[in-house]
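*Asks:* After the structure tokens below, expect a handful of questions from me.
The values are calculated or read from the model by the stated rules, or taken from the named source; none is laboratory data. Please read all numbers here as calculations on a predicted model, not as lab measurements. Cβ sites come from the backbone with ideal geometry, for glycine too, and all protein chains shown count toward neighbours. The protein model used for the area step is the full one, side chains on, heavy atoms only, and it has no ligands, DNA or RNA in it. Shrake-Rupley method; radii C 1.70, N 1.55, O 1.52, S 1.80 Å.
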Amino acid sequence: MITLTVDGTEVEVEEGSTVLQACEAAGKEVPRFCYHERLSIAGNCRMCLVEMERAPKPVASCAMPAGNGMVIKTDTPLVKKAREGVMEFMLINHPLDCPICDQGGECDLQDQAMGYGVADSRYQEEKRAVENKNMGPLISTIMTRCIHCTRCVRFATEVAGVPELGAIGRGESMEITTYLEKSMASELSGNVVDLCPVGALTSLPYAYKARSWELTHTSSIDVMDAMGSHIRVDTRGNEVMRVLPRINDDINEEWISDKTRHHIDGLMRQRIDRPYMRGSNGRLAETSWDDVFAAIAKVVKKTKPQDTAALAGDLADAESMFALKNLMENLGVPHMDCRQDGAIIGQQGQGGYLFNSTIAGCDDADVIFLIGANPRHEAAVMNARIRQNWLHSNLKVFRLGAAVDLTYPVTELGDDVSVLDELANKGGAVVTALKRAKRPMIILGASACNRKDSAGILAAISAIAKTVDLVTPEWNGFNILHTAAARVAGLMMEFLPAKGGKSTADICSGLENGAIKLLFNLGADELDLSQRDSKSTIIYIGSHGDRGASQADIVLPGAAWSEKDGIYVNMEGRVQHGQRASFPPGDAREDWAILRALSAVLGKTLAFDDQASLRDALSAAYPAFAVVDQPQPARPNKLGRKQAISNVPLDVAIGSGAVTADRNFYMTCPISRASVTMAECVKASDQNDEAKAAE
């Protein structure tokens with residue numbers, strides 16, 4: 001530890017700390033623009049000047065290492081005059097457009113000019129003007145406001161791993177720009193808006209829509225992937241205006257993906273706001289709740305439990321799945337599944353389907369073996385953590401699957417799955433590296449879990465894990481990288497086929513051949529059920545008019561994730577509570593409430609009347625749901641059985657074929673597919689790919 005004095009107060013800080021950090025430890029506020037805790041130190045703005053004993057002039061506290069015996073002063077006349085001079089310099093060319101700037105009310109320059117600036121300026125020269133830049137459909141640029149803090153440049157290079165931003169020119173001619181005048185090709189690009197301390201970079205979809213003081217802030221959980229990033233939902237009235245990250249060092253630090261941030265315009269588009277039934281003309285027509293419940297009761301009465309099934313989608317909250325599961329059990333239905341992608345995981349115990357090393361554990365791993373996983377698209381923020389680990393350590397990453405750019409060096413092993421058999425039986429460089437590692441990780445992606453030969457893949461991984469001591473009392477290196485926010489909660493409550501029950505693939509086949517005559521579909525929109533038997537009935541509960549609703553005979557309007565209090569469990573087994581930020585439109589209701597009302601009509605009334613009693617029942621049945629905000633890793637049981645592995649490439653699913661293969665990063669669910677902003681991102685991404693191919 002290092003001991004120094006700040007404004008007469010003696011403080012201790014860790015070795016390697018800066019003077020700025022020591023000042024903060026002493027409770028002193030030090031203004032800054034370029035400094036950021038998660039980025040490298042630049043020392044550009046000089047706003048953090050402090051007086052140091054025996055120093056000939058004020059020093060930049062962000063770039064000065066703290067030393068034993070230092071005497072620092074932050075509130076002397078010299079410091080005050082120095083900061084006023086820096087602020088005056090900052091404002092020489094800054095335009096006076098605060099009334100129309102989207103950063104107004106949240107602007108660091110505004111706040112610090114009030115606290116540390118002066119009321120006038122000595123500079124009378126003409127202000128310089130800088131041409132705006134094209135950074136894609138998510139970032140609005142007014143570069144005349146830029147103060148050259150370079151936070152955006154450092155984020156793009158260090159965190160996002162796409163060194164496409166930089167400075168050109170020198171002195172007064174310096175400009176921050178993309179090198180090739182194209183959109184920023186990163187799944188994390190929207191974070192530069194949060195980082196920008198002025199209004200140079202603002203959110204383009206949010207431009208001129210609202211002021212910060214008009215918004216209501218609600219803490220919630222992201223459902224666009226299985227990480228469970230902590231977010232803040234800002235609403236005005238009943239409309240979600242924007243989504244911002246909340247700091248959580250164990251999960252998303254302070255970043256979120258572009259899909260998380262900007263899919264929200266899809267919340268109000270293509271909404272199902274009232275019940276529908278398919279008439280004799282083959283078209284869905286509006287109806288009332290009483291009529292639709294009566295129709296469902298009639299269908300259920302004439303359908304045997306063995307001919308009925310239930311599926312849960314990727315965005316379902318735990319309460320809704322629990323309510324549907326209880327209703328199916330009351331009806332005697334054995335066929336239910338929450339794995340709409342056809343994955344075979346869930347029977348190997350909790351350790352066989354969790355991200356057991358935890359997301360924060362990616363910071364400590366020294367060897368990572370990715371199998372059919374693309375964390376850049378499947379968990380973009382976690383991929384940034386892996387990159388940070390690589391930047392600051394000797395991390396080695398191996399990957400089995402089609403080659404992709406993960407923003408850090410990867411040893412590609414191809415996409416021939418037989419490599420796993422070789423590694424399990426003969427060893428190799430990967431096995432040697434894992435064996436020598438102190439904290440090895442194997443990350444199994446979704447594409448390796450939904451194949452006919454997935455049991456063989458898991459058996460090979462199990463053999464490798466035993467060889468390299470992947471699971472020890474101190475470290476659990478077996479991980480499943482989920483892509484669905486609802487998946488782990490469904491597996492924890494065993495929303496799986498009962499004894500003699502059918503899985504997703506068999507349920508889909510049953511709809512085609514007539515073995516399944518009634519399906520309760522809770523938001524499973526990634527399935528192609530268009531070839532079903534004409535005598536079958538599909539009841540869809542969901543929020544958007546997507547694939548699931550178009551294939552259904554009865555449509556019940558549910559609430560989107562932002563319109564309900566809901567429990568979601570992330571891929572590391574962390575139970576998290578999302579909060580309602582707005583209300584469902586029209587006659588739409590929370591999914592669990594729809595199922596509770598329906599159960600009464602069917603004569604199988606569920607044993608809860610409100611959400612509180614539902615959560616009590618859920619925790620009583622599955623105590624893991626009572627442990628909030630803590631990862632719950634476990635040792636995996638035997639993962640798979642010996643089985644011949646197909647020669648079909650790893651990233652190609654060879655399961656039932658029920659799951660549609662047309663998935664990209666920006667459009668993976670009904671909400672993101674309804675988003676105009678996400679459509680613009682897909683278009684920009686395609687243009688970037690075309691430009692890259694032409695180079």
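*Asks:* Obtain the nm distance between the two label points defined at Ala129 and Leu78 by a simple spin-label model: each point lies 7 Å from its Cα along the Cα-to-C-beta direction.
*Replies:* For Ala129 paired with Leu78, the spin-label model returns 4.3 nm.
*Asks:* Still on this structure: Nearest 20 debye, what's the magnitude of the dipole of segment 206-318 about its Cα centre given +1 on Lys and Arg Cβ and -1 on Asp and Glu Cβ?
*Replies:* Roughly 700 debye, rounded to the nearest 20.
*Asks:* Compute the Cα gyration tensor for segment 90-239, then decide on rounded, prolate or oblate, letting a ≥ b ≥ c be the square roots of its eigenvalues: rounded whenever a/c is under 1.5, prolate when a/b is larger than b/c in the other cases, and oblate in all that remain.
*Replies:* Oblate, since a/c reaches 1.5 and b/c is not below a/b.
*Asks:* For segment 161-240, what relative contact order do you get, as a whole percent, if you take Cα pairs closer than 8 Å and at least 6 residues apart?
*Replies:* Across segment 161-240, relative contact order equals 16 percent.
*Asks:* In whole percent, how big is the carbon plus sulfur part of the accessible area of segment 225-337, probe 1.4 Å, protein atoms only?
*Replies:* 45 percent
*Asks:* Okay, next question. Which value in nm describes the separation of the simple spin-label points at Asn394 and Glu512, placed 7 Å from the Cα toward the beta carbon?
*Replies:* Inter-label distance under the simple model: 5.2 nm.
*Asks:* Additional query: Once each part is reduced to its C-alpha centroid, what is the distance from segment 47-68 to segment 431-446 in angstrom?
*Replies:* First find each Cα centre; the distance between them is then 44 Å.
*Asks:* Sort segment 260-362 into rounded, prolate or oblate with this rule: let a ≥ b ≥ c be the square roots of the eigenvalues of the Cα gyration tensor; rounded if a/c is under 1.5, and if a/c is not under 1.5, prolate when a/b is larger than b/c, oblate otherwise. Spell out each step's value before the answer.
*Replies:* Numbers: a/c = 2.88, a/b = 1.39, b/c = 2.07.
Note, shape of segment 260-362 comes out oblate.
*Asks:* Report, to the nearest whole %, how much of the accessible area of segment 598-645 belongs to carbon and sulfur atoms, 1.4 Å probe, protein only. Don't skip to the answer; put the middle values down first.
*Replies:* Working: 1470 of 2870 Å².
Whole-percent figure for carbon plus sulfur exposure: 51.
*Asks:* OK, next. At 1.4 Å probe radius, can you tell me the per residue accessible area of segment 159-251 in Å²?
*Replies:* Result: 38 Å² of accessible area for each residue.
*Asks:* Set the Förster distance to 35 Å, then compute FRET efficiency between Asp528 and Asp364 from the Cβ-Cβ distance, nearest 0.05.
*Replies:* Plugging the Cβ-Cβ distance into 1/(1 + (r/R0)^6) gives 0.25.
*Asks:* Rolling a 1.4 angstrom probe over the protein heavy atoms, how many square angstrom per residue are accessible across segment 547-587?
*Replies:* Using a 1.4 Å probe on heavy atoms only, each residue of segment 547-587 averages 23 Å².
*Asks:* Continuing with this model, one more query. Order Met47, Met52 by their accessible area, 1.4 angstrom probe, all chains in place, largest first.
*Replies:* Met52, Met47
*Asks:* How many Å² of accessible area per residue for segment 1-111, probe 1.4 Å?
*Replies:* In whole numbers, segment 1-111 has 50 Å² accessible per residue.
*Asks:* Turning to a different aspect of this structure: Once neighbouring chains are kept in place and the probe is 1.4 Å, which whole percent of the accessible area of segment 19-144 is contributed by carbon and sulfur?
*Replies:* Of the solvent-accessible surface of segment 19-144, carbon and sulfur hold 53 percent.
*Asks:* For helix 591-601, what angle does its Cα long axis make with the longest principal axis of the chain, in degrees from 0 to 90 and rounded to 10?
*Replies:* Computed tilt is about 20 degrees.
*Asks:* About its Cα centre, how strong a charge dipole does the chain have in debye, to the nearest 20, once Lys and Arg get +1 and Asp and Glu get -1 at the Cβ?
*Replies:* Computed charge dipole of the chain: roughly 1460 debye.
*Asks:* Roughly what angle does helix 454-468 make with the longest principal axis of the chain, taking Cα atoms, 0 to 90 degrees, to the nearest 10?
*Replies:* 50 degrees
*Asks:* Still on this model: Which residue, chosen from Ser40, His577, Ala505, occupies the Cα position most advanced towards the positive end of the dipole of the chain, where the dipole is computed from +1 (Lys, Arg) and -1 (Asp, Glu) charges on Cβ about the Cα centre?
*Replies:* Final value for the positive-end residue is Ala505.
*Asks:* Then there's this: Label 7 Å along Cα→Cβ of Thr605; segment 305-328 residues with amide nitrogen under 20 Å?
*Replies:* Only 323-328 pass the distance filter.
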